[in-house]
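Below is one structure, written out as structure tokens, with a few remarks after it.
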Amino acid sequence: MGNRQQDEEMKGSVRKGSKRKADSDCKAWQEKLKSCSERQEVDFVTTSSAPVDILNTPEDLAKTDYFRDIGYPGEYPFTRGVHPNMYRGRLWTMRQFSGFGTASDTNKRYKYLIKSGATGLSVAFDFPTLMGYDSDHPRSEGEVGRCGVAVSSLEDMETLFDGIPMGEVSTSMTINGPAAILFAFYIAAAQKQGVPSKKLRGTIQNDILKEFIAQHAWIFQPLPSMRIITDILKFASRNVPEWNTISISGYHIREAGSTAVQELAFTLVDGFAYVESAIAEGLDIDEFAPRLSFFFNAHNDIFEEVAKYRAARRIWARRMKEKYKAKDPRSWLLRFHTQTAGCSLTASQPENNIVRVAYQALAAVLGGTQSLHTNSMDETLALPTEKAVRIALRTQQILAYETGVPNTIDPLAGSYFIENLTNRMEAEAEKYFEKIESLGGVIAAIEKGFFQREIADAAYRYQKEIDSRRRIIVGVNDYVEDDEKIEIPILKISPEVEKEQKRRLKRLRESRDNNAVKKTLSAVEAAARTKDNLMPRIIAAAKTYATLGEIVDSLKKVFGVYHETPIF
Amino acid sequence: MDKTVCEKILSGDKRAVAKLITAVENEPGKCEAVMDSLFSHSLAAHRIGITGPPGSGKSTLVDALTVSIRRKKPTSSVGIIAIDPSSPFTHGALLGDRIRMKRIGLDENVFIRSMATRGALGGLCAAASDAADILAASGKEVVMVETVGVGQSEVEIAQISDTCVVVFCPGTGDAIQTLKAGLMEIGEIFVINKSDLEGADRFLLDVRATLELREREKGDWEPPVIKTVATEEQGIDELLKEIERHRDYLSFGDRLKDKRVEAVAKKIRGLVRNTLESSLYTPDEGDQLRTLSESVLSGKVTPHQAARKVIERIRGGRQWAIGNRMKR
Amino acid sequence: MAKRIRILVAKPGLDGHDRGAKVVAAGLRDSGMEVIYTGLHQTPEAIVESAIQEDVDVVGLSILSGAHMTFFPKVRRLLNERGANDIILIGGGIIPEEDVAELKKTGAAEELFPPGTPVSKIAEFIKKRVARG
């Protein structure tokens, strides 16, 4: 007994002694700081203009409990990662977002990417397709195939995947407003290859809330859009069980100018809205939640990004388990794809972008992403050339095999700086959740212009920092080359693409069974008016070679269209 | 030369109309002759002023109202002047009303012009009123002037209309405070927009109660209070009916003439005030007001003596061009 | 008299990226101009109609969808057809140098600003150009 008491006393005095030493060391450092000058020409803030601590110490983590807050990978709350062995088991998927011109142009690029080591496909559609217009619609003029591939019918989808075994690849499709229809085209095209839908692996972005907030590729109003999404969730959970039905996205919110905390908070709150919507429709949370996935940005500030991903995993896990009472541990997982920040790329000295992308990719991998797209250096000028996209892919491969970063799990955990930043971002996100709740929820906040205003203000502030040179962008407002000559090849989209698409569509409309098309389109419209699931009807229409625009028009008749009131 | 411009305006040439509006904004002195020729042609149009606190949905209401007017009479044409504040510091402005008028922006028979306040005192009134005259002369049957209902000059613009519509919406803070803001005195029709929001019915009762307190004589116009949801086109037809009813009310006796006389009087007063104030600033002597104020503070003159100095200069017969806007 | 430069900032076509347009609009306001922003998804006809009614000095198109070789010539042609040859047409977005050169050569655009251009540079260009007349 006496020994124990002595032991305790000694530990106590050692602790006190340590504390005294810590205090005095700290004071000594703070004294020295006073006589150190700081660089005046820049602000010590993150890319999101958030102030950065000069130093963090164990004091900053006094309230953090390792087992409650940090934990183990693959274990709740998943701060350190969603899989027990992370990249030791499997590297992230190298999935380059890609598409341009006609389906056969893009088919060639996909084959090139697969040959060069890409491990997943990702489809970029052109603007007419994104907005639900056929290539021959008057509003499509000048836009066909320019920033993505033109897909107006099942025939185009079949061409897109010609010679690519759809049962063996996983395909992500960036499509939102008309997601149900492109999903239907994919399912039908796979069936033509003899692949049953139960075997299909992939993702549709299908995140309409962020369209209203940031990307602006909408068609219908918020409520009917949510209905379409829940129809897809219901259909897929039964028929396409390996498919990720929503990629809840923050990438575009960030690209539109938001801060990292806004990206984190607005993405998660959209996720909560989908969960609540599906539950309200009678779905069991564990039926669909395991197939929800996420999509984040990887911007320049490495540590802010890593903290963001870690905070995201922890917040989602806690909410799903504690608030929404999901029982299946897979429902608690926040799995995400990352794309390096397009908005950080510069048009001047484009080779510098290779370096930026490398740092951003590093942040994504340090943050535990499941899948990664690296931008090409020429994307401020045009869609990427083969060479540029190869360098982007090699960036990932060098990261994977030469840097050693994937060899251990969540290496930055335990850093006083990172854990403190993770905690701070989580707290700030929670404040946003409260605010949005008080506005009446996500849709109400969208209608009030809340997100749009926050984003516009952040974008404006960022630009002012650049214009005033408080924020240096290399090659743009410092280290500028006068009379710069851009010496890299640029991808050109031929006006022939539009002509070819128009010809294809004309042939299609003439050669298909137009009676069957009419019948299936009526069935789509009828389903829209009732509560019948739209997906089977849309797939049936797809199989008769009804076009994207025709199916969208049937839905527009019932759902109307969305007009925004812009905030800026 | 002027005649050709006149002819273009009268035939509805959009470019000519737009250019003349620019001219009356920037160099009103040079436009006197043209404006004179157009005057008699500008009398037929019904002028509607739309004002109200920020955020009450005025632009959306203008959009919906215009659609309704056009739908009711497809041969009709509408002119709209939408006014937004200039930054007092940079003097720039984001003119954000047009973007809210989504449907009418594509209508051939609708002409929308955005104007900035340009820091004017009383001079905005004249420019907007001239612009309204130009639109009227170009054949627009209805001319609406939309402003933000804060600040004296913007309230004046509403008053130079034949029919002043004041637009409120619930939830913009203290209803009673809003009602005190002076807007209650000038409105001929009151609208509670966004009336699907909580508190709309309460607000309506408060507005009605405040209107009861206004002094009225027999035969006076009794301002109606209408609930609308402009985004859903609810209440718009009712609003249009009341506007037309007010127009008909004015067509009896001298009512319209009295209104227009009052409007012109306000315009003249605004011009006079502005010209007088601009005499405080001369290119050669700079900002007289500042110089005089410094003299007052250093005890050399009293404020009254300073004011008398200015008036003596005016009496001394210096020539000015009658100006719309004071240069700051 | 306080004449102000008036500019229409427009988003033609289906392109939904409006961060740049909004930031430029706000920045030009800060530099003392009167700015009218059209919002998204505008047809060339609607843009020109707005430009005429607002009697702007400048129209700025923001195009990040690759459709610039269609929209700049079309807007220029429509402006000229309406007698608005004096309205200056500029723009920005994702436009490779070759296309910039081509558009400037044919007069479809007077100046094009790549992503990252400080707004002050755009403002300066506009002020000088408008003063030149």
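Summary table
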quantity: Segment A:142-181: number of residues that are surrounded by fewer than 24 Cβ atoms within 10 Å (Cβ to Cβ) and among the acidic types (Asp, Glu); calculated: 4
quantity: Number of the exception - B:Arg113 against (1) facing another protein chain (nearest Cβ under 9 Å); (2) assigned to a loop (DSSP other than H, G, I, E, B); (3) closer than 28 Å to B:Met184 by Cα; (4) of a type outside the set (Val, Ile, Thr); calculated: (2)
quantity: Helices (runs of 4 or more DSSP H) contained in segment A:240-358 and holding at least 2 residues assigned by TED's automatic domain parsing to the domain that holds A:Gly414, acidic (Asp, Glu) and more than 29 Å from C:Ile94 (Cα to Cα); calculated: A:260-280, A:285-288
quantity: Residue match in segment A:173-185 (condition: assigned to a strand (DSSP E or B) and among the hydrophobic types (A, V, I, L, M, F, W, C)); calculated: yes
quantity: Residue satisfying condition, being more than 10 Å from every other protein chain (Cβ to nearest Cβ), in contact (Cβ under 8 Å) with a residue 12 or more places away in the chain and either assigned to a loop (DSSP other than H, G, I, E, B) or touching a Gly at 6+ places or on another chain (Cβ under 7 Å) (or both), within set B:Ser68, B:Ser76; calculated: B:Ser76
quantity: Matching residues, segment C:51-68, being touching a helix residue (DSSP H, G or I) at 6+ places or on another chain (Cβ under 8 Å) and within 14 Å of chain A (Cβ to nearest Cβ); calculated: C:Leu61, C:Ser62, C:Ile63, C:Leu64, C:Ser65, C:Ala67, C:His68
quantity: Per-region count, segment B:13-41, residues more than 12 Å from chain C (Cβ to nearest Cβ) and touching a strand residue (DSSP E or B) at 6+ places or on another chain (Cβ under 9 Å); calculated: 0
quantity: Qualifying residue in segment C:98-108 (condition: of a type outside the set (A, V, I, L, M) and within 9 Å of chain A (Cβ to nearest Cβ)); calculated: yes
quantity: Failed criterion for B:Pro88 (all others in (1) surrounded by fewer than 18 Cβ atoms within 10 Å (Cβ to Cβ); (2) assigned to a helix (DSSP H, G or I) hold); calculated: (2)
quantity: Test for A:Arg139: is it within 13 Å of chain C (Cβ to nearest Cβ) and surrounded by fewer than 24 Cβ atoms within 10 Å (Cβ to Cβ); calculated: yes
quantity: Among (1) of a type outside the set (D, E, K, R); (2) surrounded by fewer than 24 Cβ atoms within 10 Å (Cβ to Cβ); (3) modelled with pLDDT of 95 or more, the one test that A:Ser348 misses; calculated: (3)
quantity: Lone unmet requirement of (1) surrounded by 10 or more Cβ atoms within 10 Å (Cβ to Cβ); (2) under 28 Å from the mean Cα position of the chain (by Cα) for A:Lys115; calculated: (1)
quantity: Residue count for segment C:97-110, restricted to those that are surrounded by 18 or more Cβ atoms within 10 Å (Cβ to Cβ) and out of contact with any Lys or Arg (no Cβ under 8 Å at 6 or more places or on another chain); calculated: 3
quantity: Index of the failed condition, A:Gly440 passing every other in (1) assigned to a helix (DSSP H, G or I); (2) more than 14 Å from chain C (Cβ to nearest Cβ); (3) under 30 Å from A:His563 (Cα atoms); (4) out of contact with any helix residue (DSSP H, G or I) (no Cβ under 6 Å at 6 or more places or on another chain); calculated: (1)
quantity: Filter result for A:Gln221 (more than 14 Å from chain C (Cβ to nearest Cβ) and free of Cβ contacts under 8 Å to residues at least 12 places away in the same chain); calculated: no
quantity: Where B:Gly219 falls short, out of the listed (1) at pLDDT below 90; (2) surrounded by 12 or more Cβ atoms within 10 Å (Cβ to Cβ); calculated: (2)
quantity: Selected residue (criterion: farthest from the chain's Cα centre (by Cα)) from residues of segment A:517-552 that are outside any helix (DSSP H, G or I) and within 18 Å of A:Leu130 (Cα to Cα); calculated: A:Ala546
quantity: B:Leu95 aliphatic (A, V, I, L, M), surrounded by fewer than 19 Cβ atoms within 10 Å (Cβ to Cβ) and within 24 Å of C:Ala21 (Cβ to Cβ); calculated: no
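The values are calculated or read from the model by the stated rules, or taken from the named source; none is laboratory data. Computed from a prediction, not measured in an experiment: that's the story for all the values here. Note that we place each Cβ from the backbone using ideal geometry, even for glycine, and neighbour counts take in every protein chain shown.
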